[in-house]
Each structure stands twice: as structure tokens, then as C-alpha cells.
Amino acid sequence: MALDKQKIKEIVLKYGKNEKDTGTPEVQIALLTERIKILTKHFERHKKDVLTRRNFLKLINRRRKLLRYLKSESIERYNKIVKELGL
């Protein structure tokens with residue numbers, strides 16, 4: 001259910017400035033998107049998992065806030081990340 005270290009490392013290398021860059025909005029948005037995809041598959045099997053659904057909605061809201069922040073800071077970076085992640 002959680003992301004493994006190798007997958008996190010790949011995402012950080014792809015969207016970050018270097019291998020230790022986990023703070024930029026692009027990396028955080030990409031990591032949240034990957035977790036959201038995993039939880040979406042989880043809910044196909046476990047429809048009544050209410051606690052996980054609540055945390056899932058928290059993840060979606062956190063990603064929405066990060067996207068809003070990125071859009072206000074740099075529209076080019078926002079458009080790039082939305083296009084790459086297919087949001």
C-alpha cells in the first residue's frame with residue numbers, strides 16, 4: 001500500500017533538481033499522485049474501508065493545495081507538472 005524506496009527515488013530523480021530534492025512542489029505533487037493511484041486500486045477491492053478513504057481525501061486536498069500554490073508561483077511549472085502527470 002505504501003510506496004517503496006526505489007519508486008520514491010525514481011520520482012525524486014525525475015521531478016526534482018537532484019537526488020535529495022524532496023521539498024519542491026513538483027516532487028511532492030508527483031509523490032502524492034502516486035499514492036493516490038495506489039489507494040484508488042485499494043478501494044476497488046475494499047469498498048467499505050472508511051478510515052483509509054478519509055486519509056485518501058486528505059491526500060487529494062493536500063495535492064490540490066500544492067497545485068494551487070505552484071500555479072500562483074509559476075504557471076509554466078504548473079502546466080508542465082499537470083501535463084506530465086495527466087491531471
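Values in this text are rule-based calculations from the coordinates and carry no lab data. Small disclaimer: the values here were computed from a predicted structure and weren't measured. Glycine also receives a Cβ, built like all others from the backbone with ideal geometry; neighbour counts cover every protein chain displayed.
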Notebook entry, point to check: Since Ala2 meets every condition but one in (1) aliphatic (A, V, I, L, M); (2) part of a helix (DSSP H, G or I); (3) surrounded by fewer than 17 Cβ atoms within 10 Å (Cβ to Cβ), which condition does it not meet?
Noted result: (2)
Item checked: Pick from the range 5-28, criterion in a helix (DSSP H, G or I) and in contact with a Phe, Trp or Tyr (Cβ under 8 Å, 6 or more places away or on another chain), ranking: farthest from Arg77 (Cα to Cα) -> Val27
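For the range 70-87, what are the residues that are part of a helix (DSSP H, G or I) and over 14 Å from the mean Cα position of the chain (by Cα)? Working first, answer last.
From the range 70-87, those part of a helix (DSSP H, G or I) are 70-73, 75-85; that's our starting set.
Scanning the range 70-87 gives Lys71, Ser72, Glu73, Ile75, Glu76, Arg77, Asn79, Lys80.
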Note to self: I need a count of the residues in the range 5-49 that are under 22 Å from Lys71 (Cα atoms), acidic (Asp, Glu) and surrounded by fewer than 19 Cβ atoms within 10 Å (Cβ to Cβ).
What the structure shows: 2
Margin query: From the list Leu51, Leu59, exactly one residue is of a type in the set (A, V, I, L, M), more than 15 Å from Tyr15 (Cβ to Cβ) and touching a helix residue (DSSP H, G or I) at 6+ places or on another chain (Cβ under 7 Å). Which is it?
Written below: Leu59
Next item on the list: Give the residues of the range 29-46 that are more than 21 Å from Ser72 (Cβ to Cβ) and assigned to a helix (DSSP H, G or I), sorted by residue number.
Entry: Glu34, Arg35, Ile36, Lys37, Ile38, Leu39, Thr40, Lys41, His42, Phe43, Glu44, Arg45
